[in-house]
Every structure is written in structure tokens, then in C-alpha cells.
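Data first, discussion second: the structure below is written as C-alpha cells.
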Amino acid sequence: MSIYSTGKNIISLFYALEKAVQVYDLRNDVVTGTAKKFGHILRTLLNIYPQVELVRYREYVFFNKQRLRFEIDGYASLQFIHDKMKQLRIRSLIILPGINEEELILLCLALKKNRDEFPSEFNAKRFAYVRIEYTDAEEETPDFLADGQRVKRIYFKALKVTKNLMNNLWKNQSVDVKSSKRVVHSLVNALSQDEFGLLALTAIKNFDEYTYNHSLNVGILALALAQRIGFSKKSLAKIGTAGILHDIGKVSIPRDLIYKPTRLSEQEWDILKHHSEYGVKQIIKTRGLDETGITSLIVAYQHHWNYDFSGYPFHGKETLQSTFAKIVRICDSYDAMTTARIYQPVPYIPSIAIRVIWKLSGQCFDPLLAKVFIQLLGLYPIGSCLEMSDSFVGLVIGQNEGYPTQPTVKIVATMQKDSIDGPIIDLSVDKGHKIIRAVYPQQYNINPADHLT
Amino acid sequence: MEIIVQDIIRQLIKSIKVIQLYGINHPSARQSYQPFFETLTGFLKNSGQIELAIEQYSISHDNQVIYQEREKDISIAFRLFRDGVRNIKITDGLEFDEMILFLEVMSQATREQDIALNLWECNFSHIDFYVIEEEDEDLNYELPVQEIKNIDLNAKLANIIVKEKLDMNEPIDLTLSEAELESLKTQMAHESREASLSVAISTLINFLQHDKSPEIIDSLTEMLAQCIDQHEFYNARLIVVSLNEYAKINAIDKYEKENIILDFKNFINTISDENLNQFLAFISLFSKKSLSYFIRLMPSVQRTERLEKLQDNVAYIAQSDYQPILIFLQSNNTDLIINTIAVLSRLDAEEIVGLLDPLCDYPRPEVRCSVIQAFEVFKQAARIAHFIGDEEAMVRIKAFQTLTVLNYPAIYNRLIARIKSRVFIDLELTEQKETFNCLVANGGQGLIKILKKMLFRWVLFGRKRYRITRKLAASALADINTDESRAILEQGMKKRNPTVKQACESALKQ
């Protein structure tokens, strides 16, 4: 069993024991049986590792330095443990060799206490094999995540590779397929280490480099959504590449049409719509027809198909839209709506785009995937600028799993447009602050890039 | 310890080479990686892990070089190093399937394959590896400044909300029900490689209808190879037909090779019935050029119904010109002759009968049986009648059976004479029965009387003969099943003679 699956197993047994001690008498078979199983797996692990450590950092839970993902399977247990640690301000929970069932049950009993009672309860029990470390108000980055610049470096590297790839195609020059594969590989790794860090970078839009930025952002958003619904690494590599290449057909459209500063005429739109078909040929030229190439080809062709069988290129009901294309359909629309372009100088703010996705789910978008997408980004995605009830303006810097309307915000301005370096507030915990509405950051002279990187 | 590690590496290299030569499923490959797995897991059980450092041309363990190969094309170390892999760690608990995956990746020899990426995609539980990241100095990226001037953003926001008809206070329920989760999982499960390939093929075929560019044609041709390789014959057929219809390209031509067609034996006995039908539909697109190869393939088909289906399809190919397979009628190989006869017999061409005549005296009885079967198709009862005097029982039985099916009253008198003959008693019961069946099928109005006589009166060849003839005659009367024949059997039931009574009783129970 991999460290990742072991971690998920530990979380699920921890959750089961915590639930059991809440419901049953401590001598009940359910409690003792679960504790026995939990103890057994911990002792087996402690034969290999010097300690078993659960760390919570922001919205992540790490098991022996491996980040555990919120996936469909085991979602409830991971969320419970995450929320419990967050609520009790536990930064890390360390279990040492020698752990026994009795201490595990006592630990679960202690975890029932509230934030103020827990530390004294924990100390009173004098645990021999359990250690707890608490967080301060400002969370410190764990050592193994200290290299915060890494995600940014990967993003910009990916952007460069995307740019080279498209430019070379535009110039009819050969492309470096291996680099693009490697980039997706790095993005998947980065995503599993710092999902929000990477998603935050997609929120920084670059007007001048829309085509490349958009391609990469769609790739990242698609990866995050696919990871959320449990795609394998191999499928993640496919969707990441397909997301980046979804608009590759645009290199076959005259550049002056792509960059036309005014609204496109109907005829011009018709030409532009052919990019899905051109995309197929570009993929063939660029990627060949390995598994990733085939997925990319399908996505390039189908990414403007709608859930209700409308969309272009015209298609009947006999060919079903691939899940990969459905994912890219949502991510493409979201990123396109939220990005300024020559003919759309003012984009939609992220929370409006989310509402549009919700409204059109079942029509343009697969309703289930749309739900997971909104779960992922929240109703106020990272980068959203919010007017708060206490006359301050906050910028969303993180999501709180299970609380899509209560993100973590950093106060960055006053309503009088004065820039301030305010606190970070977790709205899912700190109920004293309310969101009034989402606005354009420019209304308060805020540049999200200053705060998100 | 170094000796064991060196042995592990030696076995690893050997396994990779064998897999490259024969493929992972070949028995030689299995013979190679099975001991490798055992040695490796044995080592891991004691040591917990094995950590290998990769250098440009060598692999080291504990700072000792345990593998060195400077020839780039064959050096495992070089291939790993080239793709950035610098360290591989295998830990205790390694599973057999993991090792197979690992070996598969390691044995992919082409330069285009990125070993690091392929290893990464495998998502191993007990194999960890470190890949260096390419350092890129030129990443000075300017963060954008977002400026929007002279626009009333409040009004813009309000306009968008109105335009999109959004209710910003509408609650959004993001919970996924069990059924929704299940539906998502089902959706993902359907995203198999095969499903993607089908969609890609239908997309390209759509293209082909209006775009006959080399990219599309080459891609479809490449996909055809993939389909054949993976036994995806529905799609293979679709591609061949489409290329022919829309681009006038004969894509099947390059597959009409002896080695390719004979390789079909590797799966023809094992693929599902549905896939077999797709395969048969696919091969019906082959030309007469491939006929002789298909005849050679037939002896490998173990299941009769599959062989017959294959013969049907090959006959379909041969219908315009069967000349290429006639050569097999002169072969020394019985299987080839029999299959050729079977294919020829499926053709709507009377002249085939004449071609088969010389085989009526072929030394092997199996061949003569095949000829009878072919004559049956061409309704050549007179020719079949020739075989009831054959020296081999199996041939005679086949002839009786065939004449039972065909209506050939001219045989009647010969059958009576045969039953009356002394040799009849020495025949196997099966042949005796088939003779009577043939008699019933071809008997005239006088048959019932003859059978009655056989049942009640014949005392021609002693006790033993008498008993058997009575049984067969009673059974034949039951087969005729008319009022008259039943009345005779009921009459026999009342006879005192126990053999008559018994024969009639069991015939009536039929």
C-alpha cells in the first residue's frame, strides 16, 4: 500500500473511531474493534517510520509529509479530521511507537472538547505516545513546504513552454513535445502539493498574453477538477495536456482575426469557430496519436459542445461528449469569462462567472462536473475582491473545504480605497465578518497579483 | 550484499532485453522476470529497500558501480540519465504487477519515450524515483498590472448581472448525492482508452468526408494499425471502409500479408464471440490475395463453430475468384484440403463439383467426408451414393447421413439389399442405425410393409441378427410415425415373442 493510500486509511479509521466514541459506550465492540484496527495499522507503520504525523496547513492535511487530497472517496473523513484540527488549532498530531488502543480512545474522547478546553484536557491525560503542536494566529508554513516559490516557478515555466509551443506552431516550426509533457507532469506534482497556490496563479490574468495564459489556466483548472474527482495520474497527464492544447487550432486562424480589437462580425465568428476542427489537425501534427494525443484531439474538437448537444462543430446525439471535453468546457468558459480580452476589456468577476456556470449547468455544462468545479473554486474564487460588513475590502486568498461561501480573505483596503496590510480572516471560523458583495478589484485600486504571488 | 545486488541488476537487464525482443507476455520473458522478482523481493524482505544511483553510463548501489554500459543505444543507465532520472528506490512490499509495469516502461526503447514521465504515470506504491528539474534561467516574468480606465465598474457589474439574468442571492446546493457520486464514477469509468479511440476515429472519419488531407488519412491509417493490434475490429472495419469510400484508398492492402494473417491465430480462439463477429466482418474486406493465407490460418482454429464462420467469410472473399485456393486441393496436408473443400462448398458455383470429383478416392477418409459434405451442398446425391460402398465406416456413415437429409429414393433398393446382406450384421450399431434412417428418409410406399416383415417375420440370419433387425425396424416405424406404423408397433406389443414385444415397447417410447 502506498503512503498515500495508507494515509487515507489512517484518516478513515481515525474518523471511524472518533465517531464510535461519540455514539457507543467505550467497552462496546464497535469502539474496541475500531481501536484495535487503528492501533494495528499504526503499529505496522511505526515499524517503518519513526513517527506518524498528521499536519494541517491551510486547507490541506499532510500525512507524513504527503498531502492528502479531498477526493470523492473518503471526503467526509478527511474533512472531519481537517475541520477538527482547524477548530482545535492543532497544527500537527504526532503518534509515536508504543501507541496502544487505550491512548487512541482517550485521544478521540479529548477531541470532543472545544477549542478552549482541549489543551488542558489533553495535558491532563498525560499521553505517552501522542504529541500535539498548536498553530499560532498566523500559520507558519511547514518546513517541507517552505519553498513557496516553487509553484510560481513551475507556473511560469509552464507558461513559457505553452508560449513557445504555440509560437512555434504559428511559425510552422517544430515543437518540443517532451517539454510540454514534462510541464504537465510538474503541474500535477505542484497541484498535489499546493492546489490553492497554483489556482491563485490562474487568477492573475495577463491581458497581453491572453492566448497563452488562457491555455495554461484551462490546463490547470482542468487538472484541479479532474484531481478532485479522482482521476489517475495517467489521466491527469492527459487532461492537463488536453487542457493546455484545447485552443491549439487557433494557430491556424489568421492572427489579425484572433487579435482583432473590435467585435467580430458573424462571418468572422464562423471562421473562428473552425478552430475546433483545426485543432484536430494541429494535435495530429504536434502530438501524434498516443493516448494523450487522442485525448487532446477529442478535447480540441469537442470543447465547444454543450451538455444539451448544442454547440459547435455541429454534432448529432450519437457521439457522446467525452468527460475530458466536458471538464475543459467548464474550465474554458470560466477562464474566458474572467479574463479581459481586446473585445472584452472588462471581464466578469470570478463570483459572477461561477453563478453563470451554475445557471448554465445542465444546458451548457455537465451539472455534476459543474457542482464539483464550484466546490473546488468556491462561490468566491481565489482572487475575488469582496466588500466586507466591517467597511473593509478583502481579497480571497484561500478556500475552506466544505464552506464554499466562507473563504479565507486578506484585508487589503478600506472602503475609502486606502490600501492596507490587514489581517487574514478565515470566514468559516470567524463568523463576525460578513461578505456584502463581490466587486472589481480595480474599484479599490487593488492588483490581485500583488497579494496572490 | 553487493553480489546479490549485482545479481538483481543482471536479472533486471536480462528481463528488459527479453521483453524488448519478445514482449511481456511471452513465456521466455516470464522465465526471465519471475526469478528477477523472486530475487528482488527476497532482498527487499531482508534489507527493506534498494536504492540505485543513476549516472550517465552506470548504476551504483552504496557507492559501488554495479552496472556499466557506455553504448548509448543499449545502456539502461544512459536512457534513465537522459530523461533526468537520478535515483530509483524500491521498497519492501513490491507487488508483482508493479514490477511488470516497471519492466514494461523500462523496456520501451524508442527515443521518443520519456522514461521519467512514463514511470511517473505508473503511480507506483513501492518504487520511488527522483528526477531532476530542468533549470531555466530565463523566467523573469513580469506580473501584470490590471488597469481599467474610464469605465463605471459598478454599472458594468450591474449590467452583467441583468444581462445574465443572475440572482446573486440564489442559494447554491453543492452537495453530491450518492446517486450523483455513482454517476460521476460511471462517467469516469467509461473514459477508457478504447472509448477515446472510438470517438477519435469517428471524429476523423467525419473530417475525411470533407477533408482528404494527408494528416487525416495518415492518422486514420495509424489508428487502423492500433485497432488491429488491439483487436478493435469494429473500428478497424470502419476506418478501412471510410478510407475507401471517401478517399479511394485501399488501406487493407498492407495487411494482406501471410505473417499478419497467420498471427490472427493468437487470438481467434480466445476473443469474445462479439469481437469474433467484428473480426469476421473486418476480414470480409480482404481481397482474394489473402485467400491462401486464411486457408493456412484455418487449421489453428480450434472451435468448430468459429472455423465454420471463418470459412463462410473466406468463401465470401473467394466468390469472385476462387482460383488462388485450388492449389491446396493438390496439397499433402489433409487440413488444408479439408478447409479448401469447405470454402469451395460455400461458393455458388456448380463447376466446383467437377473439381471435387478427383478427391472421391482420396486416401484419407476425412477428405472423402469433406467431399460428401460439399456434395450435399451442391445436392449431388448420386455422387454421394457412390460412398455407401466406401471401405471406411466413417465415410459410409457420412454418406448415409447426407442421403438421409437429401431426398434420393433411388438409393432405396440398394439399402434394402445392404440390410439383407450378410455383412450388415458385422457393422457397428451406429452405421446400422444410419442405414435405417436413410431407408426411412428415402423409402417409398412399400416401406412400412417391408419394415413390418422385418419386425415380425424375418428369420434369415440367426438369432442375433433377428433381434437387431427387429429393434431397428421398430425404431424406423416409430420414426415414420403414421397411424399405420403405430398400429404395427401396438400390434407388436401384444406379441408373445419377447424380442418383438421389447422392440415395439421401446420404439413407442421414442
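Some points to look at:
- Cross-link partners of B:K165 among lysines, defined as those whose alpha carbon lies under 19 angstrom from its own and excluding same-chain residues fewer than eight positions apart: A:K359, B:K156.
- Kirkwood Rh in Å, taken over the range B:2-131 so that all alpha-carbon pairs contribute: 14.6
- Greater than 24 Å apart at Cα, pairs in A:K181/B:K212; A:K233/A:K326; A:K112/A:K431; B:K248/B:K309; B:K420/B:K452; A:K326/B:K185: A:K181/B:K212; B:K248/B:K309
- Mean Cα-pair separation over length for chain B, i.e. relative contact order, pairs under 8 Å, 6 or more apart, %: 5
- Accessible surface of the range B:185-228, 1.4 Å probe, proportion on carbon and sulfur as whole %: 56
- Each residue, B:D273 and A:I342, gets one label point 7 Å from its Cα in the Cβ direction; the gap between the two is 6.2 nm.
- Here's the picture: charge each Lys and Arg Cβ at +1 and each Asp and Glu Cβ at -1 in chain A, and of A:F196, A:G7, A:H246 the one pushed furthest to the positive end of that dipole is A:H246.
- Here the calculated FRET efficiency for A:E318 and A:S120, from their Cβ-Cβ distance with R0 = 51 Å, stands at 0.15, rounded to the nearest 0.05.
- Considering only alpha-carbon pairs that sit under 8 angstrom and 6 or more positions apart, the relative contact order computed for chain A is 11 percent.
- Rounded to the nearest 100, the interface formed by chains A and B buries 7000 square angstrom of accessible surface, both chains summed, with a 1.4 Å probe.
- Share of carbon and sulfur in the accessible area of the range A:149-377 stands at 52%, probe radius 1.4 Å.
- Computed from the C-beta positions of B:L153 and B:E2 and an R0 of 56 Å, the FRET efficiency is 0.20 to the nearest 0.05.
- Seen against the Cα atoms of chain A and their longest principal axis, helix A:350-359 is set at about 80 degrees.
- Ordering of B:157-170, A:285-298 by burial proxy (mean other Cβ atoms within 10 Å per residue, highest first): A:285-298, B:157-170
- Whole-number accessible area per residue in Å² for the range A:334-453, which is evaluated in the context of all protein chains at 1.4 Å: 33
- Rg over Rh for the protein assembly as shown works out to 1.13, both radii taken from alpha-carbon positions and Rh defined as the Kirkwood radius.
- Derived scalar couplings between HN and Hα for the range A:392-403 equal 10, 10, x, 10, 6, 10, x, 9, 10, 3, x, 10 Hz in order, rounded to whole Hz, by the Karplus curve 6.51 cos²θ - 1.76 cosθ + 1.60 (θ = phi - 60°), x for Gly and Pro.
- Averaged over B:119-125, number of beta-carbon atoms from partner chains that fall within 10 Å: 5
- If you bin all the Cα-Cα distances of chain A at 20 Å, starting from zero, the percentages per bin are 23, 50, 23, 3.
- Cα long-axis angle, helix A:75-87 against chain A (0 to 90 degrees, to the nearest 10): 60
- Partner lysines whose Cα lies under 25 Å from the Cα of B:K14, excluding those fewer than 8 positions away in the same chain, are identified as B:K45, B:K72, B:K89.
- Applied to the range A:431-436, the Karplus parametrisation 6.51 cos²θ - 1.76 cosθ + 1.60 on θ = phi - 60° returns per-residue 3J(HN,Hα) values of 7, x, 10, 10, 8, 7 Hz, with x for Gly and Pro.
- For the range B:265-298 versus the range B:1-80, the gap between their alpha-carbon centres in whole angstrom: 40
- Peptides B:361-371, B:47-57, A:320-330, B:255-265 ordered by average Cβ neighbours within 10 Å, highest first: A:320-330, B:361-371, B:47-57, B:255-265
- Over chain B: Rg over Rh, Cα atoms, Kirkwood Rh: 1.20
- Simple spin-label estimate for B:I327 and A:N168 in nanometres, 7 Å along Cα-Cβ: 5.0
- Residues of the range A:220-234 that lose at least 40 Å² of accessible area (1.4 Å probe, protein heavy atoms only) when the other protein chains are present, relative to their chain alone, are A:K233, A:K234.
- Computed over all pairs of different Cα atoms, the Kirkwood value for the hydrodynamic radius of the range B:446-510 is 11.2 Å.
- For the range A:8-55 versus the range B:235-263, the gap between their alpha-carbon centres in whole angstrom: 60
- Sequence-distant residues sharing a close amide H with A:V61 (under 5 Å, placed H): A:L68
- Counting every pair of alpha carbons in the range A:149-377, the share spaced more than 29 Å apart comes to 19 percent.
- Here the Kirkwood formula puts the hydrodynamic radius of the range A:3-143 at 15.2 Å, using every distinct Cα pair.
- Modelled spin labels at A:L109 and A:I436, positioned 7 Å past Cα toward Cβ, are 5.0 nm from each other.
- Counting only aspartates and glutamates at least 8 places from B:K379 when in the same chain, those with an alpha carbon closer than 16 Å to its own are B:D348, B:E350, B:E351, B:D357.
- Pairs from A:K8/A:K86; A:K163/A:K317; A:K36/A:K86 whose Cα-Cα separation, in the structure shown, is over 28 Å: A:K163/A:K317
- Applying the Karplus relation 6.51 cos²θ - 1.76 cosθ + 1.60 with θ = phi - 60° to the range A:10-16 yields 3J(HN,Hα) values of 4, 4, 5, 6, 4, 4, 4 Hz, where x marks Gly and Pro.
- Computed over the range A:385-452: relative contact order in percent, which uses C-alpha pairs under 8 Å that are six or more apart: 34
- Å² of accessible area per residue within chain B, as computed with a 1.4 Å probe and no ligands counted: 52
- q = 0.14, 0.17 Å⁻¹: log10 I(q)/I(0) that the Debye formula gives for the range B:343-398, counting C-alpha atoms only: -0.31, -0.46
The values are calculated or read from the model by the stated rules, or taken from the named source; none is laboratory data. Everything quoted here is computed from the prediction, not taken from an experiment. Counting neighbours? That spans all protein chains shown, and the Cβs are built from the backbone with ideal geometry, glycine included. Ligands, DNA and RNA are excluded from the accessible area calculation, which covers all protein heavy atoms including side chains. Shrake-Rupley method; radii C 1.70, N 1.55, O 1.52, S 1.80 Å.
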